[in-house]
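Engineer: The structure that follows is given in the form of structure tokens.
The values are calculated or read from the model by the stated rules, or taken from the named source; none is laboratory data. Keep in mind the model is a prediction, meaning the values are calculated, not measured. Every residue, glycine among them, receives a Cβ derived from its backbone with ideal geometry; neighbour counts consider all protein chains shown.
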Amino acid sequence: MAFRSTVGVVFLACLVVLASSAVPKNSKRKPANAPARVAEDAERDAEITNSCPEDGYFADAEQCDKYYECRNGEIIEKLCPDGMVFNDYDSNDEKCDLPFNIDCSQRPKLQTPIPSLHCVRQNGYFSHEEPHECGKFYYCVDGKFNMITCPSGLVYNDKSGICTWPDEAKKKGCGAADVFQFDCPAVNETFGLTHPRYADPDDCQFFFVCINGNTPRRSGCKLGQAFDDVNKKCEWARKVPECAEWYKGQLTDAELDALENPPTPKPKPAGSPSRRKPNRPGKGKQVVVEDEE
């Protein structure tokens, strides 16, 4: 009987092996009730959208001025003021910032603009409407503007929101040649590396530095001085023949002399009393005075 039972077990095992070998190993057949991938993705997205990782403030994945506040599992969708974007550096801080300070390249969408006079959006820095006004721009707060003028020789840079050199701003119609009305003289490459200087033909106090010999940037001497185009340095105006009278009508001879020869500060007399206040004892502290023997 034991032998017959063993034979039966072996026979059944052979049937199982034969049945399994009949199914192809690389079968691509899916289970009959497998959920569609689209449904899985939609369910996953819904789970992310409707749940908070933790309490705090979190940036939207696509829109730079949209963010979410999470409190006790509840999500509140929010928008920064028009022109501002969400600063996502710290999830504990609810902070909107200027676009120049935040990288929005991965979430470039923005809310619909709300323009007003001189303001492309309600908040931010914006170029002047006239293309030739290279050094003027607007600072807008809640739709109200203030016009700002860059220092002489600088151009408003749309990318950084500050005034920079014309060659850095790369603004159409506001290049170095357009702003300065000056072209660097052609020089060889070796001399160009010294960043040669040239006098401003219209203003004795100023001069041009040609970066690498071809990009002009305007610089200036101190008040009372003029640029000596022969020695390539700033010198007192009276010592530069072609500029000796440059400050006439602006400064008197006495003022020019005071600039060139400032008065020497008088030394303090030895043993003069100190102007420092004596240290006061802190509150609650007693000053102990030892008795002299």
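Engineer: Those residues that are over 18 Å from Thr215 (Cα atoms) and either at pLDDT below 95 or hydroxyl-bearing (Ser, Thr, Tyr) (or both), I need them from the stretch 136-155; list them, please. Give the steps one after another, and end with the answer.
Structural biologist: Filtering the stretch 136-155 down to residues over 18 Å from Thr215 (Cα atoms) leaves 136-151.
Hits for the stretch 136-155 are Tyr138, Tyr139, Thr149, Pro151.
Engineer: Out of everything in the stretch 188-222 that is of a type in the set (Val, Ile, Thr) and surrounded by 15 or more Cβ atoms within 10 Å (Cβ to Cβ), what residue ends up being nearest to Gly153 (Cα to Cα)?
Structural biologist: Restricting to residues being of a type in the set (Val, Ile, Thr) and surrounded by 15 or more Cβ atoms within 10 Å (Cβ to Cβ), the top hit is Thr215.
Engineer: Kindly list the number of the only condition in (1) of a type outside the set (Phe, Trp, Tyr); (2) within 30 Å of Cys119 (Cα to Cα); (3) touching a Phe, Trp or Tyr at 6+ places or on another chain (Cβ under 6 Å) that fails for Asp200.
Structural biologist: Unmet for Asp200, out of (1) of a type outside the set (Phe, Trp, Tyr); (2) within 30 Å of Cys119 (Cα to Cα); (3) touching a Phe, Trp or Tyr at 6+ places or on another chain (Cβ under 6 Å): (2).
Engineer: Of the residues in the stretch 123-164, how many are over 21 Å from Gly83 (Cβ atoms) and among the hydrophobic types (A, V, I, L, M, F, W, C)?
Structural biologist: Summing the residues that are over 21 Å from Gly83 (Cβ atoms) and among the hydrophobic types (A, V, I, L, M, F, W, C) in the stretch 123-164 gives 3.
Engineer: Still on this structure, please answer the following. Right, Thr164: within 30 Å of Trp246 (Cα to Cα), modelled with pLDDT of 95 or more and buried (at least 16 other Cβ atoms within 10 Å of the Cβ) or not?
Structural biologist: It is true that Thr164 is within 30 Å of Trp246 (Cα to Cα), modelled with pLDDT of 95 or more and buried (at least 16 other Cβ atoms within 10 Å of the Cβ).
Engineer: Name the single residue, out of those in the stretch 138-181 being aromatic (Phe, Trp, Tyr) and touching a Ser or Thr at 6+ places or on another chain (Cβ under 9 Å), that is nearest to Phe206 (Cα to Cα). Steps first, please.
Structural biologist: In the first step, residues of the stretch 138-181 are kept if they are aromatic (Phe, Trp, Tyr); the result is 138-139, 145, 156, 165, 180.
Among the residues that remain, those that are also touching a Ser or Thr at 6+ places or on another chain (Cβ under 9 Å) are: 138, 145, 156, 165.
On the way: Tyr138: 28, Phe145: 33, Tyr156: 21, Trp165: 16 Å.
Checked the stretch 138-181; the qualifying residue nearest to Phe206 (Cα to Cα) is Trp165.
Engineer: Name the residues in the stretch 212-250 that are among the hydrophobic types (A, V, I, L, M, F, W, C), touching a Gly at 6+ places or on another chain (Cβ under 9 Å) and in a strand (DSSP E or B), would you?
Structural biologist: Those that are among the hydrophobic types (A, V, I, L, M, F, W, C), touching a Gly at 6+ places or on another chain (Cβ under 9 Å) and in a strand (DSSP E or B): Phe227, Cys234, Trp236.
Engineer: Then there's this: Among the numbered criteria (1) touching a strand residue (DSSP E or B) at 6+ places or on another chain (Cβ under 6 Å); (2) under 14 Å from Ser152 (Cβ atoms), which single criterion is violated by Gln181?
Structural biologist: (1) is the only condition that Gln181 fails.
Engineer: Of all residues being over 24 Å from Met147 (Cα atoms) and among the polar types (S, T, N, Q) in the stretch 94-107, which is surrounded by the most Cβ atoms within 10 Å (Cβ to Cβ)? Just the residue, please.
Structural biologist: Gln106
Engineer: Do we find a residue being assigned to a strand (DSSP E or B), of a type in the set (Ser, Thr, Tyr), in contact (Cβ under 8 Å) with a residue 24 or more places away in the chain and within 24 Å of Val155 (Cβ to Cβ) anywhere in the stretch 109-126?
Structural biologist: yes
Engineer: Also: Return the residues of the stretch 108-135 that are basic (Lys, Arg) and surrounded by 17 or more Cβ atoms within 10 Å (Cβ to Cβ); say none if nothing qualifies.
Structural biologist: Correct list: Arg121 only.
Engineer: Counting just the residues of the stretch 61-93 that are at pLDDT 95 or above, assigned to a loop (DSSP other than H, G, I, E, B) and of a type outside the set (A, V, I, L, M), which one comes out surrounded by the fewest Cβ atoms within 10 Å (Cβ to Cβ)?
Structural biologist: Glu62
Engineer: Now a separate question. Does Ile102 qualify as being assigned by TED's automatic domain parsing to the domain that holds Glu54 and either over 30 Å from Tyr57 (Cα atoms) or free of Cβ contacts under 8 Å to residues at least 40 places away in the same chain (or both)?
Structural biologist: Spelling it out, Ile102 is indeed assigned by TED's automatic domain parsing to the domain that holds Glu54 and either over 30 Å from Tyr57 (Cα atoms) or free of Cβ contacts under 8 Å to residues at least 40 places away in the same chain (or both).
Engineer: Another question, then. Within the stretch 147-160, track down each residue that is part of a strand (DSSP E or B) and out of contact with any Cys (no Cβ under 8 Å at 6 or more places or on another chain).
Structural biologist: Step one: filter the stretch 147-160 for residues part of a strand (DSSP E or B), giving 147-149, 155-157.
Those that are part of a strand (DSSP E or B) and out of contact with any Cys (no Cβ under 8 Å at 6 or more places or on another chain): Met147, Ile148, Thr149.
Engineer: Please tell me if Gln225 is of a type in the set (S, T, N, Q), modelled with pLDDT of 95 or more, assigned by TED's automatic domain parsing to the domain that holds Tyr247 and within 18 Å of Gly153 (Cα to Cα).
Structural biologist: On the way: of a type in the set (S, T, N, Q): yes; modelled with pLDDT of 95 or more: yes; assigned by TED's automatic domain parsing to the domain that holds Tyr247: yes; within 18 Å of Gly153 (Cα to Cα): no.
For Gln225, the condition - of a type in the set (S, T, N, Q), modelled with pLDDT of 95 or more, assigned by TED's automatic domain parsing to the domain that holds Tyr247 and within 18 Å of Gly153 (Cα to Cα) - is not met.
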